[in-house]
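Visitor: Got a structure for you, written out below as structure tokens; questions coming shortly.
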Amino acid sequence: MDGNTNDLFHPSLEETILKLDPEDGKQVMEYFKAHALLIREKNLLQASIREQKKLLVENAKLKNDIAHLRSQLQDKQDKKRRAGKALLSQAPPPNNNDHTPALPTDQPASKTGATAAQPVNHLPPSSSSHEGGDRRGRRRRGERRAPPTSDPFCLGAEPRMDASRLDLRVGRLLSVRPHPLSDGLSVQEVDVGENGPRTVVSKQGGGTHLDERSLVVVLCNVKASKLRGVVSQARLLCCSASDDCVEMLAPPVGSAPGDRVTFLSYPGDPDRELRSKQRVWEVLKPDLQVDCRGVANYKGCAFEVKGKGLCRAPSLVNCAIR
């Protein structure tokens, strides 16, 4: 029984009940404490549900705002493209009169006039080449400027960074054996509701006890890695107050292998595999804690198996999850 329920009753209440019923008084008090704990957890769940509904409404509003902003950006880009095409389609003023300059009829063409006319004949090709070069330059510059116009749309592609990316499941230990090449490691076969069990290599702390057929919480979307010659395909979650005081995190009673562990305030599907470059587990791990009631949580949101209850530490409180 959680000791935190003691503050719900006045000390004299237990003494009075024991006097009234010495034989069953302790059982009556245990019943009261258990009922009080259930009411407290029910209130916490209801508060979490209200918070989730509030977040969903705010999320929908943000999505509408983002869609509106995107449409405005798209309209502005379309206007810029149309304006650019209109500028490129405008033809330069005609220079046909420069090809054959008129000479006065009453004056004979002199040598100086002939020499002055010769450069005029070379002007049109040079002007047309400059115009072609300017157009090609404008096109090239337009192509280089095009990618930044789409940058605002790439902002929404950043992945979320919360506990919903973790594929946490209930698992059952089928076997536990020492690692053949390391005294500090053990090898477990764990049923997580798939066609076959997964092999897990874990460290054995001084106070860690792994019992076969017991239920555990398993992180299933870590990248498989080889530890001293044995491939580990998942990770067992434990709570630790120190290196010598370690307990396996326990799912709620009635859980079955393969049940998902979720977070009410952080909906979403987990990653297929956690990428090592993003270091998702390393970033989220500091916010995974066991609170003063022994309940596992992420940023105050409990580890929950829907319809069955919360994940807890067997006896530890106010400690880290690793």
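Visitor: Quick one: 3J(HN,Hα) in Hz for segment 311-317, Karplus 6.51/-1.76/1.60 with θ = phi - 60°, rounded, Gly and Pro as x.
Guide: Couplings: 7, 9, 8, x, 9, 7, 9 Hz.
Visitor: Would you mind classifying segment 214-322 by shape? Square roots of the alpha carbon gyration tensor eigenvalues, ordered a ≥ b ≥ c; an a/c under 1.5 is rounded, otherwise it is prolate if a/b is larger than b/c and oblate if not. Before the final figure, lay out each step's value.
Guide: Values: a/c = 1.42, a/b = 1.24, b/c = 1.15.
Rounded, since a/c falls under 1.5.
Visitor: Further, regarding this structure: If amide hydrogens are placed 1.01 Å from N in the peptide plane, which non-local residues have theirs closer than 5 Å to the one on PHE303?
Guide: ALA296, ASN297, TYR298, CYS311
Visitor: Which lysines have a Cα less than 28 Å from the Cα of LYS26, not counting those fewer than 8 places away in the same chain?
Guide: Of all the lysines, those that pass the test against LYS26 - Cα under 28 Å, at least 8 places apart if same chain - are LYS42, LYS308.
Visitor: List the residues whose amide H sits under 5 Å from the amide H of HIS179, counting only those 5 or more places along or on another chain, with H placed 1.01 Å from N in the peptide plane.
Guide: Long-range HN contacts for HIS179: LEU185, SER186, VAL187.
Visitor: How many angstrom lie between the C-alpha centres of segment 241-307 and segment 161-228?
Guide: 14
Bear in mind that the values in this text are calculations on the coordinates, not laboratory data. Remember, it's a predicted structure, so these values are computed and weren't measured experimentally.
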